[in-house]
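Here is the structure we will look at, set down as structure tokens.
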Amino acid sequence: MNCADWEREIAGESSAAGIAEHLQGCERCREFAAEMEANRVALQGLTVHPAAFEAVRRRVLDEIQAEKRPVFWWRWAVVAAAAVVVLCVVYFVKRPGVVGPRIAEVPNKAPVISQAPPPARELVRHRRVRRRLSVAMSGDAARKSACATGMSTSGGNSNSTSGGHSNGTSYTSWSGSGIGVSGSMCEQLTVKMLTSDPDVIIIWLVDQKGDSL
Amino acid sequence: MADLRLSAEGSANCLDRARAGDLQAFDELMRLHEKQVLGTALRILGNMEDAQDAAQESFLRLFKNLHKLPDILEIKSWLYRVTVNVCNDAHRKRRRNRTEPLRGPDPASVTPDPELAWLNQERGRLVEMALTTLAHKERAAVVLRDVEGLSTREVAGILGTSEVTVRSQICEARGKMKKFTDRYLRKRL
């Protein structure tokens with residue numbers, strides 16, 4: 001082995017026998033070994049400024065706290081938002097005086113048909129008008145007016161009709177939709193519509209031309 | 001001996017508190033290992049900025065894995081492994097994004113200093129420069145062996161290689177460093 005081989009053994013921390021003996025007898029390899037040791041000591045002696053450690057620790061703790069913080073606020077923000085939504089829904093649905101949307105039930109039985117009694121005053125007035133008309137009108141006009149008494153009631157519902165004429169006055173009612181019609185055929189028609197809500201009754205007054213009164 | 005036992009008990013207590021989320025306890029743990037982590041990272045990576053980033057990442061990994069470490073005695077070797085891995089990652093990233101090559105200073109450009117007394121002080125700076133000229137794996141091996149004073153077996157365990165490989169890397173690294181210092185010192189003298 002020459003010195004280059006021994007240097008490799010020394011640098012490689014070889015446990016080869018004879019290194020110590022060679023070092024005792026070889027000035028060059030002794031220098032080499034001493035320099036290796038000096039380099040090692042110099043490497044170990046390298047120091048880091050304390051501020052660098054402090055900076056690292058601060059950065060680590062800041063990072064940990066930053067990772068914790070958003071989770072905390074995010075969770076509470078979600079809980080708060082959910083609570084607000086629930087409160088809003090409860091307030092608007094259960095608010096007093098506000099009836100929520102309701103689906104009308106389809107009646108199993110046929111709706112009750114009420115036959116509205118003819119208003120007495122209407123009859124009286126009708127007679128009076130007829131008399132006046134018959135007096136005022138000429139023959140053709142009187143005939144037209146008489147034809148008008150045979151005018152069919154408009155209402156669109158033709159399920160079953162019943163009614164009759166009594167002194168020029170007819171009372172008609174339809175079954176099947178809760179609609180009652182009453183009134184004079186010549187002067188006005190009263191349409192009473194019963195709805196699913198017993199408190200709500202729609203009354204529709206129509207004159208002989210079909211216009212709403 | 002009693003002090004050592006007290007210190008070990010204190011460290012174990014510190015680990016338990018850190019596991020429970022006590023940041024002050026974790027700060028104490030960092031103080032115990034900061035020289036090891038930052039010193040290793042600095043010598044492997046060669047500059048303070050990257051070393052601080054690597055040390056930060058290593059400690060964050062420690063914080064996240066505290067519950068996996070059964071014993072306070074495990075932390076030291078675990079931290080070495082993590083630090084070296086983080087440095088490897090940083091080295092790969094730096095190599096990809098590198099804008100200027102990593103090389104040691106040109107010895108001829110340094111002003112000669114006739115004072116021989118300077119040599120010992122300068123040697124520290126020289127070996128630090130010499131470290132930057134080594135291959136990454138050689139640098140890691142020589143830092144763990146010569147700076148941190150670990151045995152060849154421990155170094156092999158941390159680097160995940162065989163002892164023979166570590167010896168070879170250390171031999172190569174020391175030879176290169178010596179050549180570097182020789183070249184510089186010869187120019188000076």
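Listed by position, the helices (runs of 4 or more DSSP H) contained in segment B:97-189 that have at least 1 residues being modelled with pLDDT of 90 or more are B:136-142, B:152-159, B:163-188.
Just so you know, in segment B:138-151 the residues that are small (Gly, Ala, Ser) and farther than 16 Å from A:MET36 by Cβ include one that is nearest to the other protein chains (Cβ to nearest Cβ), and it is B:SER151.
For segment B:135-147, filtering for residues that are farther than 17 Å from B:ASN85 by Cα and open to solvent by less than 10 Å² (accessible area, probe 1.4 Å) leaves 1. Checking each residue in segment B:67-92 for being of a type in the set (Ser, Thr, Tyr) and open to solvent by 30 Å² or more (accessible area, probe 1.4 Å) picks out only B:SER77. Restricting segment B:123-134 to residues that are within 11 Å of chain A (Cβ to nearest Cβ) and open to solvent by less than 20 Å² (accessible area, probe 1.4 Å), the residue that is farthest from B:THR40 (Cα to Cα) is B:LEU126.
For segment A:9-33, the candidate set comprises residues that are of a type outside the set (A, V, I, L, M, F, W, C) and surrounded by 17 or more Cβ atoms within 10 Å (Cβ to Cβ); within that set, the residue that is nearest to the other protein chains (Cβ to nearest Cβ) is A:GLY12. Taken over segment A:34-62, residues that are facing chain B (nearest Cβ under 7 Å) and at pLDDT 90 or above amount to 8.
Within segment B:152-189, the set of residues being polar (S, T, N, Q), over 20 Å from B:THR132 (Cα atoms) and either within 10 Å of chain A (Cβ to nearest Cβ) or open to solvent by 60 Å² or more (accessible area, probe 1.4 Å) (or both) comprises just one member, B:THR152. Please indicate, with yes or no, whether at least one residue in segment A:102-109 is open to solvent by less than 90 Å² (accessible area, probe 1.4 Å), at pLDDT below 85 and within 30 Å of B:GLU28 (Cα to Cα). Looking through segment A:102-109, none of the residues is open to solvent by less than 90 Å² (accessible area, probe 1.4 Å), at pLDDT below 85 and within 30 Å of B:GLU28 (Cα to Cα).
Within segment B:51-66, the presence of a residue that is open to solvent by 60 Å² or more (accessible area, probe 1.4 Å), within 23 Å of B:ARG153 (Cα to Cα), of a type in the set (Asp, Glu) and in a helix (DSSP H, G or I) is excluded. For segment B:29-47, the candidate set comprises residues that are modelled with pLDDT of 90 or more and open to solvent by 40 Å² or more (accessible area, probe 1.4 Å); within that set, the residue that is farthest from the other protein chains (Cβ to nearest Cβ) is B:LEU32.
The values are calculated or read from the model by the stated rules, or taken from the named source; none is laboratory data. None of these values were measured; they are calculated from a predicted model. Cβ atoms come from the backbone with ideal geometry, glycine included; neighbour counts cover every protein chain shown. Each accessible area value is taken on the protein alone, full model and side chains, heavy atoms only, with ligands, DNA and RNA left out. Shrake-Rupley method; radii C 1.70, N 1.55, O 1.52, S 1.80 Å.
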